[in-house]
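**Q** Take this structure first; my questions come after.
Values in this text are rule-based calculations from the coordinates and carry no lab data. Since the structure is predicted, the reported quantities are computational estimates derived from the model, not experimental observations. Backbone-built Cβ (ideal geometry, glycine too); neighbour counts: all protein chains shown.
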Amino acid sequence: MFRVILSAFSCDPSKGSEPGLGWNWAIGLASRGFEVHCFTRNIGKTEIEKQITPENLYFHYITLPLGLERLYRFSTAGMYAYYILWQWFAWRKARILKRNLKIDIAHHVSWGSAQMGSFMHKLGVPFIFGPAGGGQEAPLAFKKYFKEHWAAEEKRAKVTRLMLRYNPACSPMFMKAQTVIVSNPDTFKMLDSFGVKNIKVSLDAALPDSFFPQHPIIKSPQKGKLNLLWTGRFLPRKGVLLLLDVMKELKEYKDIVLTVVGDGEMKESFLDKIKEYQLQDTVLWKGKVPFEEIKKYYRDYDVFFFTSLRDSCPPQCIEAMAYGMPVITLNLHGQGFIINDQTGIRCSADNPEIAIGELKAAILKLSQNPELVKQMSEAATEFALKQKWEEKINTIVEQYYPTV
């Protein structure tokens, strides 16, 4: 049987984003008939063990010794140190496994950050890294939307470049990887500038069959009315305050309403700005909801409005398109790569003034053109149906794995 060592730092079937990605890779590779040995954190064990998993899927839970688990929540630097140490211990355990079993390939999928790397290349078997992002940087012109967090954003960009050069899990890995798969053009350019070879591009986000509605949902709102939706964590880089600057310009259009689902560190700034702009009638905040409940919002709203200022390959965009939602977004990073002119409208990210004007115009355009919304909804649905985990995993296996 073809054996795979899968490095999935985050793996949890009850969550979306990175943990969901790790889980879907594990279950997807096992579904192909491979014997999969997934190395992951102990934190996802409870949810994983609730699932009925194939007999050919094995989980190896890595916990750091000597109280080092506390590093993860100590600070950003502590989290990075924890991750590198975790990768080291995962490789050591995988090395022991390799002494007893013939391993055909090692594949790292999580975290999907190029600068964080992996030690699994040291196993001496064909090694694939990715899909991964990490090459995105928030535009300087939008620094005001980060408020006091901009210094941390600048620091992150500097740390990324340092990690690429000096992280022991990074530079040697790129030299030995059979294939490095990146999730967006920004990361391709970054790695190419560092001399990395064998770079391929593939979205890292996908959806399981179970996420899709039973029947396609095609949006066709009433002319002059538009129900917008934004979902995600209220991180500084997610642009939640940019949302409100756009909605301020649309305040007179009472039938254009934005519903925001999410929570996080920018919540107070977000709620304060709603009051300052007097947007209580046109911006509705629902807070954080369980991942399974998000489908209801995708089903009930017309257009997805996404304003992230730094994102690798935002899964929310594909989730929304699975429910027929056209996407209005910035032509930036992952979302600029995912969305095209048939599935939504991409607006300039040159500076806030231009962005606000173009985002406002895009919303008004769709509010006055139900037929265009319908056409984009059909195209979005068609695109999302091609982004299923089974197809994505099959494509990467067939293109980049050794002959099975």
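**Q** Less than 12 Å Cβ to Cβ from residue 299, Lys/Arg counted +1 and Asp/Glu -1: what total charge do the surrounding residues give?
**A** So the surrounding residues net to -1.
**Q** Given a cut-off of under 8 Å on Cα pairs at least six residues apart, what relative contact order in percent is computed for the range 210-385?
**A** 28 percent
**Q** Give me 400, 298 ranked fewest to most by other Cβ atoms within 10 Å of their Cβ, as a rough exposure proxy.
**A** Least to most surrounded, the residues fall as 400, 298.
**Q** Report, to the nearest 10°, how far helix 389-400 tilts away from the longest principal axis of the Cα atoms in the chain, using its own Cα long axis and a range of 0 to 90°.
**A** 50 degrees
**Q** Within the range 283-340, which trypsin sites (Lys or Arg not before Pro) sit in a loop by DSSP and count at most 16 neighbouring Cβ atoms inside 10 Å?
**A** Working: sites: 286, 288, 295, 296, 299, 310; in loops: 288, 310.
Those that pass, being in a loop and sparsely packed, are 288.
**Q** So which GluC sites (Glu not before Pro) in the range 223-297 end up in coil per DSSP with only 14 or fewer other C-beta atoms within 10 Å? Don't skip to the answer; put the middle values down first.
**A** Values: sites: 249, 252, 265, 268, 276, 292, 293; in loops: 252, 265.
Those that pass, being in a loop and sparsely packed, are 252, 265.
**Q** Build a GNM of the chain with springs between Cα atoms under 10 Å: which of 197, 219, 158 gets the top mean-square fluctuation?
**A** 158
**Q** Still on this structure, I have one more. What's the exposure ranking of 160, 307, going from fewest to most Cβ atoms within 10 Å?
**A** 160, 307
**Q** I've got another one for you. Of the candidates 108, 149, 121, which one comes out as most mobile in a Gaussian network treatment of the chain with C-alpha springs shorter than 10 Å?
**A** Maximum among the listed residues: 149.
**Q** Normalised by the residues of the chain, what does the relative contact order come to in percent, with Cα pairs under 8 Å and at least six apart?
**A** Working: 774 pairs, mean separation 59.4, N = 404.
Reported as a whole number, the value is 15 percent.
**Q** Need one number for the chain: average projected area of the convex hull over its C-alpha atoms, nm².
**A** Average of the hull's projected areas for the chain equals 19.1 nm².
**Q** Looking only at 101, 29, 66, which one moves most when the chain is put into a Gaussian network model with springs between Cα atoms under 10 Å?
**A** 66
**Q** What is the magnitude of the charge dipole of the range 210-385 about its Cα centre, with +1 placed on the Cβ of each Lys and Arg, -1 on the Cβ of each Asp and Glu, and no other charges, expressed in debye to the nearest 20? Write down the numbers at each step before the final one.
**A** Working: 22 positive and 23 negative charges, 49 e Å.
Charge dipole, the range 210-385, about its Cα centre: 240 debye, nearest 20.
**Q** Rounded if a/c is under 1.5, else prolate if a/b beats b/c, else oblate: with a ≥ b ≥ c from the C-alpha gyration tensor eigenvalues square-rooted, which is the range 210-385?
**A** rounded
**Q** Restrict the search to the range 26-56; then list the GluC sites (Glu not before Pro) that DSSP places in a loop and that have at most 14 other Cβ atoms within 10 Å of their Cβ.
**A** Passing both the DSSP loop test and the Cβ count: 49, 55.
**Q** Turning to a different aspect of this structure: Run the helix sum for the chain: -39,500 (n - 2.57) per DSSP H stretch of 4+ residues, divided by residue count, reported at 222 nm to the nearest 500 deg cm²/dmol.
**A** -12500 deg cm²/dmol
**Q** How do 27, 356 line up, fewest other C-beta atoms within 10 Å first? Mind showing how you got there, number by number?
**A** Values: 27 21, 356 17.
Fewest to most other Cβ atoms nearby, the residues stand as 356, 27.
**Q** Shifting gears a bit: Once the dipole of the chain is set up with Lys and Arg at +1 and Asp and Glu at -1 on Cβ about the Cα centre, which of 229, 206, 375 lies farthest towards its positive end?
**A** So the residue furthest toward the plus end is 206.
**Q** Additional query: Taking the Cα centre of the chain as the origin, how large is its charge dipole in debye, to the nearest 20, when only Lys and Arg (+1) and Asp and Glu (-1) carry charge on their Cβ atoms?
**A** Around 1240 debye, computed over the chain.
**Q** Where nothing but the Cβ of Lys and Arg (+1) and of Asp and Glu (-1) is charged, how large is the charge dipole of the range 1-94 around its Cα centre, in debye to the nearest 20?
**A** Its charge dipole is roughly 200 debye.
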